[in-house]
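Everything on this sheet refers to the single structure shown next.
Here, each number is a calculation from the coordinates, and none is a lab measurement. On a predicted model such as this, the values are computed, not experimentally measured, just so you know. Glycine also receives a Cβ, built like all others from the backbone with ideal geometry; neighbour counts cover every protein chain displayed.
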Amino acid sequence: MAEKSLKEAEKIREIVGQDLLGGRIGLLLGWEKGHYWWQSRPLFAKNEADLEKLTWDSFCVINLSRYLLEELKEHGKVGVLVKGCDARAFNRLLQDNMVARDRVVLYGLPCPGMLDYGRLNEEAGGALISISESNGSVTLKTGTGEKSVERDQVLMKKCAECVYPDPVVYDQLLLSPQGKKEGVERFKSVEDLEELTPDERFAYWEGELSRCLRCYACRQVCPFCSCRECFVEQDNPRWQGRAYQPGENFMFHLVRAYHGTGRCIDCGECERACPVDIPLQELNRKLIKDINQLYGDYEAGVDAEADPPLLTYRPDDPAAFSEK
Amino acid sequence: MSVGVKEKAAGWEPLIVAFCCNWCSYAGGDLAGTSRLTYPSNVKVIRVPCSGRMNPMFVLRAFQRGADGVIVAGCHPGDCHYSTGNYSARRRLSAFKRLVEFAGFEPERFEVRWISSSEGDKFAEEMTGITERIKALGPNGKMRDARWQKKA
Amino acid sequence: MRYRYFPGCTLKGQAKNMENTTLAAATALGIELVELEEWQCCGAVFPLYEDELISLLSPVRTLAAAEGEPLVSLCAACHHVLKRAQELMQRNEDARHKVTEFLEIDYKGEGRVLHFLEVLRDDLGFDKLAEMIKKPLEGRKAAAYYGCLLLRPSKVMQFDDPENPTIMEDFLQALGAEVVKSPYRTECCGAYLSVTEEGVAADTVARILDSARKAGAEMLITACPLCRYNLENCAAEDGKEPVKVYYFSELLAEAMGLQFDDLMAKAIERRRSSDVGSS
Amino acid sequence: MARTGVFVCHCGTNIAGTVDIDQSVEASRGFPGVVHAGEYRYLCSEMGQDLIKNAIEEHNLDRVVVGTCSPRMHENTFRKAAAEAGLNPYMLEVANIREHCSWVHREMDEATPKAIALLRAAAAKVALNDPLDIPELDVEKRALIIGGGIAGIQAALDIAEAGYVVDIVEREPSIGGRMAQLEKTFPTLDCSACILTPKMVEAAQHPNVNLITYSEIDEVKGFVGQFDVKIRQKARSVDSVKCTGCGICWEKCPSKAPSEFEMGMAKRKAIYVPFPQAVPNVPVIDRDNCLYFKKGRCQICAKECPPEAIDFEQQDVVIERRYGAIIVATGFDQLDPSIYGEYGYGQHPDILTGLEFERLFNASGPTGGKVVRLSDGKPPRNVVFIQCIGSRDKARGMNYCSKICCMFTAKQAILLKEKVPDARSYVFYIDVRTAGKGYEEFQRRAAEEYDVAYLRGQVGKIFPEEDHLVVHGVDSLSGKIVEIKADMVVLAAASIARCDAPEVGRKVGINSDSYHFFNEAHPKLRPVETHTAGVFIAGACQAPKDIPDTVAQASAAAVKAIGLLSKEKLQGEACTAEVIQDECSGCLNCIAVCPYTAITEVEIEERHHGGTLKRTVAQVNPSLCQGCGSCTATCRSGSINLKGFTNEQILAEVDAICL
Amino acid sequence: MSAAANKTRLVEEMKAQSGQDPSQCFQCAKCSAACPVTAAMDLLPHQVIRYLQMGMEEELLKSKTPWICASCFTCAARCPRDLDLARMMEGIRLSMLRCREGNKFGPADLTPEQLEKLPQQALVSGFRKYNK
């Protein structure tokens, strides 16, 4: 593992350790290594021994903010490590009144982007044993030798398309900022789909959505899905049929996306969590793109004070329907 | 696959569900009646208190159950009986319309119109218009639940 | 401060002195005016019917030739046509499409279009100008004569308040003159009616001069060669004390202490003769 | 299981002509939950209603569907009938098979299936209906009037006479408003003060009227019958109880400032009453201009005041009070004509607005009642009046007609002739508008007997020359350019909404037109009501109007308020939103979209791992909720529902209509 | 009088080409009051619009007024209806130049003295305005 991130992890541990052990926070949400070296999982650190496990590497992809929903029920004050997307998720939850700002200590971690194990493996071309990083390149070690690739080539898709790698809200910034990324083309695939005829688009989505298992993992990781009882699980009324019908898949995915109108922070967690690789971000981004076009630029999660577009209006708003 | 709708045979009549605001468009529909205007009987109206009441899920449900077209009609912006309901509706339904089109619905399938209580003629015109456009387009199979396939 | 400069036909002919004095003063003020290469007519009048696209060809070509840099002119008529043509290009997509297609250029209405007085007011600043004056025009009672083309239509020209403009008075003040205001300073001089209806122009001119005289003005300044022509040539011989008419730049050069003899004028003429286009 | 009865009306042949009634009744019998179906020629008739009532009893029905005309027509009739038979009135739904079916379709085989579908949807909906209560609301027997001009005074006196307590909140130190600034009133030429002052005094002395002057509205909360209002009473720096209004303080005060009442044409002192007849006759200290407040010394007024009423320490006081009804009567402003450079207003002292000119006639005005030029104190010979300054002007002013200018100009021209007999008036006008009792006659008198020259046309430019003003205009009727050497010019500046009208509207919860005049609920049939129940409007805050119209509207608004206050209880809306608090996650997005601030947050406790946990959820105030349902559409989990139009009901209708 | 109010070809063309609709004028005559060159006109500016409203096209085309108008835009600057009379005048002139009378003014109309003294700008704009 890169020396830099080890040093950074050391620094993080030192700072949060003071707060945790000094009693400023009762729990720290961070990451620890998972079963494999290319996995990190949430760490719920309560003491020094827990802190030993704290890790910061190129696989800390899991968004920790959502865990606050449960943990705040148990702990008076919780500290949480936030990357750019985690911080925007925190703002989203804050706007939805799901977290209390004064009960959370945010440790900001400007994020270089997380690495995609699938892509690493692909690049390695053989059984990948480990990686090491330096200066924007990644060295892949396989049983047969070593290979170097540009870091940008093996980033997770959501990280490659991330605009705000730096936390937009924090109490303490632990690393030096990466800077807002300009020129990210996140709407390309949406625009490509817009070029298709309605029937072609429907066929595309029918194909993609046909794989949906309704595991609702996309919802579980999503910072805008914080309802106590999701519409899909309600019996009265039964919005969402349980039968395996293509129409029901559309119902779920269109409504899920619609519920994110002006609220989706574009973190890409839904798509990452999807076990069957449905391009959920395309639905979310369609709404981001159109809402921005119709009602002015708005980036959910960037500014917790700005009015979400569906919760406000201007009398002279345009409309997307052909009302004369 | 549910798109296998074979209804376009002769005699197919589309089903259009119209959600109308009680204060303007529903009353406009009343005026169309009082004025003895005509529009196709394919249109069936569900009364809602305000276009702001429209949950987009109602629209999707209609498509699932076999509607070929859905129209929401509310007060003209600035004239909402509840002062701002249609402003909210305009944003919500604009976003939603773009989304269902992105999912592959033809733009004609879902429409929103502003019709006041004094616009009986506009009500009849719009209802005739959407029916004609849907007839030209043919039946909607998208999202339709197999259990609600029309018996021929 | 660097600007592209569009002289226009009259400044190479009857109003040569407006150009000469301006260029001399600009150099002294550190304002660089770079004459457009191979410029042609400004269009002379702005077409008021929007299908008169042919009249837009030369002003749009001129606007595009500035390559996005601020474009300065001195003649009120030229400035008027250029400014309005630019606004039309910004506003009317159809007209823009047709004109730029025809000219085979890419122009979307970009760039600042300025009159030299605006440069003095907005970019240099009259305060700064006042500091650089060497021979203030003390005791000289001067009035501004704006005419039409710089001011109206105000939504497009954005030059000054169309009914109560102050830019020329502020300019005169900066030169140290005693400013006199006359109510007819924004009224039309008769324009090209002097060509066809000399009597009309004589009327308008008489009113303007009378009102300036009553207000106590010894001299008028203008930024328009045609206004100056009318004010000097259409005035009836009434035996009253004549009111002298100057280009604003002539007073500017004088106040800057620039010796303005033929020699200098010729020197400037020579220096620029190589890149002067046809008028 | 529901026991629904369906009743189909023939409406003579109105329905039966195109809808097969028998077939509809037969089909209805097969709908889920339907235990009885019947038909009748005219269901809305007494006999028809009895048929329904009897069936309810006979078949033990617990809900009813009627297939009739539009619910907007007879829903209440049938609800009442159902209630008389012992059902909750909301256990009934109407299928609109006349306006939405038999009248818009011509063929039986078209209209009948549609009528059946509509009946099916109504039956599906009614199966999910719940009994609803109409909430009863208390009425606070007290009215608030915002604005103490003639409209506010008139409304207050009317309400007070009816026996209710009423508070007038006035921003200025005295009530009286614009009318107090006028010298005479058209078309009778009554002295304005002579008819207004007695009303002001009556208001001050009436046991049911409270004057809260030098005060503004801070906040209005609540709803019809129970508005909770915060009124900020600005520090007067004078104890109103002790003050006798003797006037020594303002005589002795050394500090001067332009008088607002005199439109800046005269000075007042830093401690002042705005005009001699002020009510209450208690001065205020203008702290921005008072030497003591500016520099910490002086206090002459305090030293001289016999009852020691001056109180430099006084603070703003916020009065919190509950009202049953509110009348907004905030009046109007005059447009500033300096936006028209060609007229030179503001650059020459002899170019005045109509209201400024009015003050020259007044004995206590800036010239002591002498009509003279402010430039040199000489009486004017030629006075030019120009109409429509900013009115009827969509380019730079207001697109509407200000309504009063034609008349006040005629009045001022007449008054001028009386004060300065050798003066001549010229009126440039576009159209002379004199609709009103005695108005046309009045205006003609000006033209015929008072030598007022009416010139149809406008003025292009005004400029000073020597000791006069040159007015360059046109008379379009003769087609002649007119140049007048005038001594004075009077500009009939447009009447416009008060600059703070949007803010007042926002606080009170009423909306305005594009000119910021407050909107009435219906332009013809509800002229003094607003869309907010319990809030009424009167006077020029609704649109420019003259005194007779203002007073009439004020009395109308008073009657509406009295009608409201006279009720023991008010009936609220039955179909209101309701939060399912177990499911509510507390995101409170519903609060943002509610037009009535009917939703608030509330903390609830719930069990969590054996302990209790506090969390925030939304809560609807059914008295405030008007039932639009915007909140329900914003709630992603459907945790807020609208009674009478629930998610379940609408989905059931969709399902049934699509069958 | 051809009082075919408002429907003439000239008016229709005017609406399309200059966005000016004479029916928006309510004859306050402020244009006439503002115009600096009314002395030489046979119809006052507001009367020109009135003629347009009345459909009196032939009479208008005979009028001297459009040729007196110097396009100084004072009328447009002060019109309370936001109409641009200068554009309407241009429309009447163009209507004549384009298909009726041909050129109004050419080099032959000038004296040698004028040709020498007039600023170039006056000659060019005069030809542009009065010539096609």
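Summary of values
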| quantity | calculated |
| --- | --- |
| Within-10-Å neighbourhood charge of D:Ser28 [Cβ basis; K, R +1; D, E -1] | 0 |
| Cα→Cβ-extended label distance, 7 Å offset, between A:Val184 and A:Glu200, nm | 2.8 |
| Under Karplus coefficients 6.51, -1.76 and 1.60, residue-wise ³J(HN,Hα) of the range D:127-140 in Hz, glycine/proline x | 4, 9, 5, 10, x, 10, 9, 8, x, 9, 10, 6, 10, 6 |
| Within chain C, helix-based [θ] at 222 nm, where runs of 4 or more DSSP H residues each add -39,500 (n - 2.57), nearest 500 | -12500 deg cm²/dmol |
| Where trypsin sites (Lys or Arg not before Pro) fall in DSSP loop in the range C:194-252, at most 12 other Cβ within 10 Å | C:Lys240 |
| Total charge dipole magnitude, chain A, about the Cα centre, Cβ charges on Lys, Arg, Asp, Glu only, Debye to nearest 20 | 740 |
| Mean separation of Cα contacts under 8 Å (6+ apart) over length of chain D, as relative contact order % | 13 |
| Full-stretch length increase - A:Arg238, A:Gln39 - with 0.36 nm per residue and alpha-carbon distance subtracted | 67.8 nm |
| Computed Rg/Rh of chain E, alpha carbon atoms with Kirkwood Rh | 0.99 |
| Calculated FRET efficiency for the pair E:Asn131/E:Glu59, C-beta based, R₀ 30 Å, to 0.05 | 0.80 |
| Local electrostatic count at C:Pro136 - Lys and Arg +1, Asp and Glu -1, tallied over other residues with Cβ under 13 Å | -1 |
| Using a Förster distance of 60 Å, the FRET efficiency for D:Gln23-A:Lys73 (Cβ separation, nearest 0.05) | 0.50 |
| Cβ-placed point charges (K, R +1; D, E -1), dipole of the range E:3-101 about Cα centre in debye, nearest 20 | 80 |
| Computed lengthening from D:Glu648 to D:Lys524, 0.36 nm per intervening residue step minus Cα-Cα distance | 40.7 nm |
| Radius 12 Å from Cβ of D:Val551, net charge of other residues (Lys, Arg +1; Asp, Glu -1) | -1 |
| Trypsin sites (Lys or Arg not before Pro) within the range E:22-68, DSSP loop, no more than 13 other Cβ atoms inside 10 Å | E:Lys64 |
| Within 10 Å of each Cβ in E:36-45, the average number of Cβ atoms from other chains | 6 |
| Pairwise label distance in nanometres, C:Glu38 with D:Lys394, each label 7 Å out on the Cα-Cβ vector | 4.7 |
| Gyration tensor (alpha-carbon) shape descriptor, chain D, a/c threshold 1.5 | prolate |
| Rg [Å, one decimal], Dmax [Å, integer] - the protein assembly as shown, C-alpha atoms | 39.5, 120 |
| The range D:51-138: trypsin sites (Lys or Arg not before Pro) in DSSP coil with no more than 14 other Cβ atoms inside 10 Å | D:Arg106 |
| FRET E, pair A:Ala306, A:Ser176, Förster distance 30 Å, beta-carbon r, rounded to 0.05 | 0.70 |
| Gaussian network model of chain A, Cα within-10 Å springs - most flexible of A:Ala100, A:Ala306, A:Ala243 | A:Ala243 |
| For chain C, built as a Gaussian network whose Cα springs stay under 10 Å, the top-fluctuating residue of C:Gly176, C:Gly43, C:Gly239 | C:Gly239 |
| Under Karplus coefficients 6.51, -1.76 and 1.60, residue-wise ³J(HN,Hα) of the range D:236-246 in Hz, glycine/proline x | 7, 6, 9, 7, 5, 6, 6, 4, 9, x, 5 |
| Gyration tensor verdict on the range D:4-126 (Cα atoms; rounded if a/c is under 1.5, prolate if a/b is larger than b/c, oblate otherwise) | prolate |
| Within the range C:1-37, backbone nitrogen closer than 19 Å to the virtual label 7 Å beyond the Cα of C:Asn233 toward Cβ | C:8-19 |
| Cut-off 11 Å, label 7 Å out along Cα→Cβ of C:Asp123, residues of the range C:42-80 by amide N | C:69-73 |
| Pairwise label distance in nanometres, A:Gln293 with A:Glu191, each label 7 Å out on the Cα-Cβ vector | 1.1 |
| Relative contact order %, the range C:126-255, counting alpha carbon pairs below 8 Å whose residues are six or more apart | 29 |
| Value of Rg to Rh for the range B:78-134 (Rh from inverse mean 1/r over Cα pairs, i.e. Kirkwood) | 1.02 |
| Mean Cα-pair separation over length for the range D:333-496, i.e. relative contact order, pairs under 8 Å, 6 or more apart, % | 30 |
| Global geometry of the range C:126-255, whether rounded, prolate or oblate, following the gyration tensor of its Cα atoms and the 1.5 cut on a/c | oblate |
